[in-house]
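Let me begin by presenting the structure, written as structure tokens, before commenting on it.
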Amino acid sequence: MHQDLINPAYNEKNDSTDQWALLVNVVRQLRQLCPWDRKQTHASLRHLLIEETYETIEALDHQDMRELKIELGDLLLQIIIHSIIAEESNEFNLADVIAGITNKMVERHPHVFQDTEVSEVKEVLQNWESIKAKERGGESVLSGVPFGLPALLCAYRMQEKVANVGFDFPDQKSTWEKVEEEIHEFKSSTSNEERSREFGDLLFALVNYARKNQINPEDALRECNRRFLKRFQHVEANVDDIRNATIQELDIHWEAAKQRSG
């Protein structure tokens, strides 16, 4: 009976509403008929949600639209299956998820859907935070930042949040002065515990400076990691035995790799 749902003629339609209904019904049937899908829980699928998110980011980083299409599908699957699991225990359903994000977008864009006027992106962000503050009641401005984020990205998002309510350095010069202050404090630290704390402060100050220069530090470091990987692989490919090569020999090939990659 479930074969009738997945027929080629239906699957070839380009209408996104039809394709959406097909996918949701496929996931529902998998929850009923597939032993693996049937046993999954929110907790057991958690790692897949994280993996699919990072694979989507990887496709974006490579500007690979073919891969991005695939990864967005994988990410969408995770959203649907979590919603269906919640529906099965009468917690919420997929319609609730969609209605929730639709209402949120309408409410947080009064300059589009109401009469509020804005002249620049900064005002849009300030309105967004103001509306969120009303929704939170007495909760912290930072309550919406998940601490499960990578540390650089978490610092960046916290700094964005507080900047939107006016807690910010006035300009790039002052943020760099803070970096220099933290460098001095790190150099002056005397214990491992103090060095670790001051190094954290230094990283936080660098993230702030990056933000002031419209640089996402997480993206910047990820791209740096990618360059390092390619350059070191070039070094490995051009020496006979990397473990016994001299640092001078390795450095020659490293500089050659830098010239190649720019």
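The values are calculated or read from the model by the stated rules, or taken from the named source; none is laboratory data. Keep in mind the model is a prediction, meaning the values are calculated, not measured. No Cβ is skipped: glycine too gets one built from the backbone with ideal geometry, and neighbour counts run over all protein chains shown. Surface areas here come from the heavy atoms of the whole protein model, side chains and all, with no ligands, DNA or RNA. Shrake-Rupley method; radii C 1.70, N 1.55, O 1.52, S 1.80 Å.
Among the residues of segment 79-95 satisfying the criterion of being assigned to a helix (DSSP H, G or I) and without any contact (Cβ under 8 Å) to a residue 12 or more places away in the chain, which is surrounded by the fewest Cβ atoms within 10 Å (Cβ to Cβ)? Give the derivation first.
Of the residues in segment 79-95, the ones assigned to a helix (DSSP H, G or I) are 79-88, 94-95.
Going one step further and asking which of them are without any contact (Cβ under 8 Å) to a residue 12 or more places away in the chain, we end up with 87, 95.
Working: 87: 17, 95: 10.
Restricting to residues being assigned to a helix (DSSP H, G or I) and without any contact (Cβ under 8 Å) to a residue 12 or more places away in the chain, the top hit is 95.
Would you check if residue 101 is under 20 Å from residue 49 (Cα atoms), open to solvent by 70 Å² or more (accessible area, probe 1.4 Å), out of contact with any Ser or Thr (no Cβ under 7 Å at 6 or more places or on another chain) and part of a helix (DSSP H, G or I)? Before the answer, list the steps.
Numbers: under 20 Å from residue 49 (Cα atoms): yes; open to solvent by 70 Å² or more (accessible area, probe 1.4 Å): yes; out of contact with any Ser or Thr (no Cβ under 7 Å at 6 or more places or on another chain): yes; part of a helix (DSSP H, G or I): yes.
Taking the combined requirement at face value, the residue satisfies it.
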Return the residue satisfying two criteria in turn: it lies in segment 132-163 and is over 29 Å from residue 224 (Cα atoms) and in a loop (DSSP other than H, G, I, E, B), and of such residues it is most open to solvent (accessible area, probe 1.4 Å).
-> 139
Within segment 110-121, count every residue that is open to solvent by 80 Å² or more (accessible area, probe 1.4 Å) and either touching a residue at least 12 places away in the same chain (Cβ under 8 Å) or of a type in the set (D, E, K, R) (or both).
-> 3
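Listed residues 129, 107; which is within 25 Å of the chain's Cα centre (by Cα), open to solvent by less than 60 Å² (accessible area, probe 1.4 Å) and touching a residue at least 24 places away in the same chain (Cβ under 8 Å)?
Numbers: 107 fails: open to solvent by less than 60 Å² (accessible area, probe 1.4 Å).
Unique residue meeting the criteria: 129.
Output the residues belonging to segment 225-254 that are of a type outside the set (Gly, Ala, Ser) and surrounded by fewer than 11 Cβ atoms within 10 Å (Cβ to Cβ). Spell out the reasoning first.
In the first step, residues of segment 225-254 are kept if they are of a type outside the set (Gly, Ala, Ser); the result is 225-236, 238-244, 246-254.
Within segment 225-254, 225, 229, 240, 241, 243, 244, 246, 247, 248 qualify.
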If we scan segment 195-211, do we find a residue that is open to solvent by 40 Å² or more (accessible area, probe 1.4 Å), out of contact with any His (no Cβ under 8 Å at 6 or more places or on another chain) and more than 28 Å from residue 161 (Cβ to Cβ)?
-> yes
Taking segment 16-67 as the search range and keeping residues that are touching a helix residue (DSSP H, G or I) at 6+ places or on another chain (Cβ under 9 Å) and outside any helix (DSSP H, G or I), which one is least open to solvent (accessible area, probe 1.4 Å)?
-> 40
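Results for (1) more than 26 Å from the chain's Cα centre (by Cα); (2) aliphatic (A, V, I, L, M); (3) within 12 Å of residue 155 (Cα to Cα), shown as yes or no for each residue.
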| position | (1), (2), (3) |
| --- | --- |
| 194 | yes, no, no |
| 208 | no, no, yes |
| 212 | no, no, no |
| 230 | no, no, no |
